[in-house]
1. Given B:Gly8, B:Gly67, which one is buried (at least 24 other Cβ atoms within 10 Å of the Cβ), under 23 Å from B:Glu328 (Cβ atoms) and within 16 Å of the chain's Cα centre (by Cα)?
2. Name the residue that is surrounded by the fewest Cβ atoms within 10 Å (Cβ to Cβ), counting only residues in the range A:397-423 that are out of contact with any strand residue (DSSP E or B) (no Cβ under 7 Å at 6 or more places or on another chain) and over 21 Å from A:Ile353 (Cα atoms).
3. Can you tell me which residue within the range B:11-42, out of those that are polar (S, T, N, Q) and at negative phi, is surrounded by the most Cβ atoms within 10 Å (Cβ to Cβ)?
4. Taking the range B:425-454, which residues are facing chain A (nearest Cβ under 9 Å) and either assigned to a strand (DSSP E or B) or not basic (Lys, Arg) (or both)?
5. Quick one: which strands (runs of 3 or more DSSP E) sit completely within the range A:340-406 and have at least 3 residues that are over 17 Å from the mean Cα position of the chain (by Cα) and within 16 Å of A:Tyr193 (Cβ to Cβ)?
6. Restricted to the range A:114-129, and to residues that are farther than 30 Å from A:Gly165 by Cα and under 25 Å from the mean Cα position of the chain (by Cα), which residue is farthest from the other protein chains (Cβ to nearest Cβ)?
7. Just wondering, is there one or more residues in the range B:221-230 that are buried (at least 21 other Cβ atoms within 10 Å of the Cβ) and not in a strand (DSSP E or B)?
8. So in the range A:238-273, with the set limited to residues that are among the charged types (D, E, K, R) and part of a strand (DSSP E or B), which one is farthest from B:His284 (Cα to Cα)?
Amino acid sequence: MSEMTKTIDLLIIGAGPAGLAAAISAKREGVMDLAVLEREDEQGGILNQCIHNGFGLHRFKEELTGPEYALRDIKEARDLNIPVLCGTTVLSVTRDKKVTAVSRERGIEVFQAKAIILAMGCRERPRGALAIPGSRPSGIFSAGTAQKLVNMAGFMPGRRVVILGSGDIGLIMARRMTLQGAKVLACVELMPYSSGLNRNIVQCLQDYDIPLLLSHTVVDIEGRDRLSAVTVAQVDDNRRPIPGTEQRFECDTLLLSVGLIPENELSLQAGVRLSPLTQGPAVNNLFETNVRGIFACGNELHVHDLVDYVSRESMQAGKAAADYLHGEKAPFLRSQVKDGQGVRGTVPQRLDIPYENITEGVELMFRPDKVYQNHFVTLRTEDEVLLSQKRMILTPGEMAEAKLTPAMLDKVRGKTLTVDITKEKQT
Amino acid sequence: MYDVVVIGAGVIGCAIAHRLAQYQGSVAVVDRANDVSEGASKANSGIVHAGYDAKAGTEKARLNVKGARMMRALCDSLGVPYGQPGALVLGFHEEDRATLEALYQNALVNGVTGCRIIERDEILKMEPNVNPEVLLALDVPASGLVSPYELTHALADSAAENGVDFKLGTTVTALSHNGDHWQLMTDKGILKARAVINCAGAFADVLHNQISTRKVRIIARRGQYYLLDHTVPLLFQRTIFQVPTKMGKGVLVSPTTHGNLLLGPTAEDITDGLDTATTALGLHDVLDKAKLTYPGVNLRQVITTFSGIRAHEQDGDFLIGAVEGAPEGAFEAIGIESPGLSAAPAIGEELGDWVAYSLKMPRNTNYIAPTPLAKPFSGMNETERRLAYENDPDYGRIVCRCEQVTEAEVRRAIRNPVGATSLDGVKRRTRAGMGRCQGGFCSTRVMEILAEELGQPMQHITKQGGKSWLLDGGIAEGADHE
């Protein structure tokens, strides 16, 4: 090994809420030799630009802003003496856990880790990925970029705004831009339902009389230098624009909130296999990827709606990494988890179930493929129905959960678990 | 008074300026845009055509083959990435055999070596992602790749380093000769020159017709493209064409020098030479035709769509040399559509020498040979990276995570002789913002660096010059731009 290589037990990539929670949990579980690498100059990740409140209701039972939520973990990590190296970008990760990073302070660094937790978060889908026709002027921003400009840099990206997509950041920015004196003309959503949280639709659009145009999309963009107008049209059931339904909005700004994509370029370098549905790594119930000792959590694993669940999941991943480092893995039998009818992207994708002493259950997280009312979430193996639980509302905008108890896990061992959304209760 | 004013800072204008810099004399390049490479040279296929296609006996064919042969050495001297992966021209029907045979013969006449006709099995062995319904293909091993804007920027920097003036954001509206010298009316005043060279791309006919007895018409021909994320391994090693049509070489599927995959272009004749919009119809058309070559195209990999303008002269050949029927000292390189990029090194050298000769410009004994561009951080190995960091700690800060562009590279792009002054200018010089997130993360930081380097407030930073403002004042202020 080169003398320039530093050995370390656990390396965590990303000091957002996922990376911090994972680091805190691993340290509490006794991992002493660890570090967190963060490319930005500050810890806290995307929470730093989310200055609105509503964070922490589940985890802390109080309503915090993004920076307040982040600060709790930042403080705890500091109290636990966890080294967090900011301004440090990871350039590559190999399958044998060699991590190369670069920073202005220390230059190129190479780490040989025993375990890695991937917590790189996600990125926004850009305009280009949607192939929206029209010109390419300035004034088209992803909602998160606009949020950074307004909340971090203190600049307005524009004054007359149309928002495409009804993801949560887009909804939040509709309100934020309005409060800052901009006119938000409409929020345009391709699907017949919003992909954002219901509370955001009420508090960010309805409270400000901003129309939400469902089953609509942007079909043309005008403006040579700066955006001058967009044309919006209704779409049919196949999401194709319906001629004759066009409305033109004169505006200087188009914000895009059209989906988040887990950032997994590093994971792929390390040989981590991704799920085509979540676009994050396929993991087991310990958040371990197909590469032994490489774990994943947070929005890098699958895009969450609430940071509270990111923290919960990442705590589990941190503990799992600690257990791995301590060599504590009882013999197990692997089971596959399958998306059944109405279900997309269940995490974890597989269950490693020990033969005895199952002490903890497993939360399955997934998204419905459309809106369902008064339907049942059903968990079954080839042989039996384990659970069939009524839900008043299931919508793609809100991640759904189903909990496997230790008793159920005992019955799944070695079998295939299918998650279904069914109209009737299954027995 | 200048010895020479070149109108148009595209790849042709910059190649000529690069050549003229090797002579003693005062040279200026003017362009209406705020940066070089803002017209056809910023958005085309980036193919260095071997020259099998251009009709034998035309200027197009001669300069294409000559330029393509010069390209590697030129790129090496400038430090611009050049690749020569070869190309295939696919035929799907038995009747395409005659067309491909004719192309093969044309290639022989044009002096393009190494071509051969190959059949399905061999094609699929060479390019497993090609549609298995392919029947035969013309294999063109001499076909190459270059980024058109990287080449243009490097040519411009080298010219500027040798004293060529770049007057950007300057629109030439009229050309006249007063019996002694040329006068160029611009929106920024009058320029005087002993010689002018019209390389105004899609707008070249207006100036040409002001001074020539032979009227021409340039048709702006728009081409729309899809750009896909880079993949390892590459989906295609070579540029894949289909049997050409009257409107051009058709839709190609090609890797770029940076490992992205490019699909396109369309060929639409439009009236406004600045209208680089994409259309639903055009993009659909590209996809439809690209699927014939590559049925497995995955739209999830699309990172952007764009369109570019080619300057098509109605008679179809390049017009290069002295302007017919004009007073002495008027030169032009117009109607430079595909394979204009491939021909650019040859056009630059020939026309540059010609103009210098006619003005009796002596050799520039103080000529500074181009400094090859530094290797991008993303392409360095670990040792090179350590060394780069030791020399400049700004190499330690990644600005663009998708393309791994460092702050050192962004700052240098702004400090270059013809430096970036806008977000797009930085993007084309460094690739910051060109990756899969399309600047979502890095654009704020790049704006900050631009503001710092240019000594301007953040609000004055634009996407591409002109009125392409990005910020409308601070959050506590009123609107800046109403």
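1. Details: B:Gly67 fails: under 23 Å from B:Glu328 (Cβ atoms).
After ruling out the rest, the residue left standing is B:Gly8.
2. Initial filter on the range A:397-423 (out of contact with any strand residue (DSSP E or B) (no Cβ under 7 Å at 6 or more places or on another chain)): A:397-398, A:405-407, A:410.
Those still in the list that are over 21 Å from A:Ile353 (Cα atoms) too: A:397-398.
On the way: A:Gly397: 21, A:Glu398: 17.
Looking at the filtered set, the residue picked out is A:Glu398.
3. Start the filter on the range B:11-42 by keeping residues that are polar (S, T, N, Q), which leaves B:22, B:24, B:26, B:34, B:37, B:41.
Next, from what is left, pick out any that are at negative phi: B:22, B:24, B:26, B:34, B:41.
Working: B:Gln22: 18, B:Gln24: 16, B:Ser26: 16, B:Asn34: 18, B:Ser41: 28.
For the range B:11-42, the residue satisfying everything is B:Ser41.
4. Within the range B:425-454, the subset facing chain A (nearest Cβ under 9 Å) is B:436-441, B:443-444, B:447-448.
Matches in the range B:425-454: B:Cys437, B:Gln438, B:Gly439, B:Gly440, B:Phe441, B:Ser443, B:Thr444, B:Met447, B:Glu448.
5. Answer list for the range A:340-406: A:372-380, A:385-394.
6. Step one: of the range A:114-129, the residues farther than 30 Å from A:Gly165 by Cα are A:114-117.
Cutting the leftovers down to under 25 Å from the mean Cα position of the chain (by Cα) gives us A:115-117.
Working: A:Ala115: 23, A:Ile116: 18, A:Ile117: 19 Å.
Among residues in the range A:114-129 that are farther than 30 Å from A:Gly165 by Cα and under 25 Å from the mean Cα position of the chain (by Cα), the one farthest from the other protein chains (Cβ to nearest Cβ) is A:Ala115.
7. Checking the range B:221-230: not a single residue is buried (at least 21 other Cβ atoms within 10 Å of the Cβ) and not in a strand (DSSP E or B).
8. Taking the range A:238-273 and keeping what is among the charged types (D, E, K, R), we get A:239-240, A:246, A:248, A:250, A:252, A:263, A:265, A:273.
This time we only want the ones that are part of a strand (DSSP E or B), so: A:248, A:250.
Details: A:Arg248: 23, A:Glu250: 26 Å.
That would be A:Glu250.
The values are calculated or read from the model by the stated rules, or taken from the named source; none is laboratory data. As the structure is a prediction and not an experimental result, all values here were calculated from the model. Glycine also receives a Cβ, built like all others from the backbone with ideal geometry; neighbour counts cover every protein chain displayed.
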